[in-house]
Amino acid sequence: MRRESDVVPLDKRTPGVPTIEPLIFPKLERLYARRAKRLTALADQQGEYFHFLSRLVDVQKRLVEHSFLSASAAAALHALIRQGYDHPGLEQALADLSVWQDVYAELVRELAASLPSPARATLETALWAPSTLSHQAARLLRGDYSNVDSGLAVVLWAALSVCWAQTMAHVGQEAKGGQVASCPCCGAPPVGSLVLGGDREGLRYLQCSLCETRWHRVRGVCISCEASGRLEHYTLDDLKSAIQAETCGDCKTYVKVFRLDYDPELEAVADDLGSLMLDRMVEEEGFTRLGLNPFSFPA
């Protein structure tokens, strides 16, 4: 049976080993469809929150399909991203861009009926306070998660993500650069590390938690300090597990690894959230996570 992928396959007519692409831009409609399907499949074990997230991702998918970002809006967002998130004018720049605020409003409108009253009130109140919304968005982008209203964070990040991902689809191969373990396109942290299958079998890519871009990193080196001598892999069962934690004894960090070559049904965001027991186990050993799940912000 043919499996649906969110990545365009390599040209099979190319002989020999294909050139490794530094960046892969997934097909967003397919990515969101796979994510929503995986969240629904995990909901029976993980609970109602996964059903809510599946609905949220469905709305992201519809927004991408029917309200694709205009070239002018993408250019404005790209300029903001290129400036970085530490510049003092970030909040005003966000306030001046209506596109992500419109996406946030649409997400709230679509999800409101399925939310408890307090959660709905928090999200709807932010709609009428654009300066507060921009302030919270700036904190998210800067990684100041503990100072973001927990009732806003997931939906607000989802709105930003829709716009950031479409922006990268517009600007193509241009990279922002920056820290080793951050997305070279938008500077956000990765969700985790993917070992691909298919015609890219065995290649390791990190997946951005914000713009969904995947960027290549060689295997066998720490994604943070680039050391290789003290890497270990933890799993909840055996070393052939499709979900692993790669730890570095030199810098005491770890990254979640999703072996799509073992299980092509895995979806990084959904399966990361569904395997938090592995995170707890590794963190008890003294390792600090590199990366971010956009559905579970650190306190």
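For the range 26-81, the tally of residues that are small (Gly, Ala, Ser), in a helix (DSSP H, G or I) and over 18 Å from the mean Cα position of the chain (by Cα) stands at 9.
Scanning the range 120-139 for residues that are open to solvent by 40 Å² or more (accessible area, probe 1.4 Å), touching a helix residue (DSSP H, G or I) at 6+ places or on another chain (Cβ under 7 Å) and not basic (Lys, Arg) yields Thr122, Glu124, Leu127, Pro130, Ser131, Thr132, His135.
Where strands (runs of 3 or more DSSP E) fall entirely within the range 216-299, those with at least 2 residues that are within 23 Å of Asp144 (Cα to Cα) are at 253-259. Residues in the range 172-196 that are farther than 28 Å from Thr288 by Cα and modelled with pLDDT of 80 or more: none. Scanning the range 201-246 for residues that are within 30 Å of Lys27 (Cβ to Cβ), of a type in the set (A, V, I, L, M, F, W, C) and over 22 Å from the mean Cα position of the chain (by Cα) turns up nothing. Being buried (at least 20 other Cβ atoms within 10 Å of the Cβ), assigned to a loop (DSSP other than H, G, I, E, B), touching a Ser or Thr at 6+ places or on another chain (Cβ under 7 Å) and at pLDDT 95 or above is a property that holds for Leu210. Here Gly151, Gly202, Gly187 are screened, and the one residue that is at positive phi and either without any contact (Cβ under 8 Å) to a residue 60 or more places away in the chain or in contact with a Phe, Trp or Tyr (Cβ under 6 Å, 6 or more places away or on another chain) (or both) is Gly202. Of the candidates Arg109, Arg142, Arg82, the single residue that is at pLDDT 95 or above and open to solvent by 30 Å² or more (accessible area, probe 1.4 Å) is Arg142.
Of everything in the range 85-103, what is within 18 Å of Cys186 (Cβ to Cβ) and open to solvent by less than 50 Å² (accessible area, probe 1.4 Å)? Give them in sequence order. Within the range 85-103, Tyr85, His87, Gly89, Leu90, Ala93, Leu94, Leu97, Val99, Trp100, Val103 qualify.
The values are calculated or read from the model by the stated rules, or taken from the named source; none is laboratory data. Computed from a predicted structure; not experimentally measured. In this analysis, Cβ positions are derived from the backbone assuming ideal geometry, glycine residues included, and neighbour counts consider all displayed protein chains. Surface areas here come from the heavy atoms of the whole protein model, side chains and all, with no ligands, DNA or RNA. Shrake-Rupley method; radii C 1.70, N 1.55, O 1.52, S 1.80 Å.
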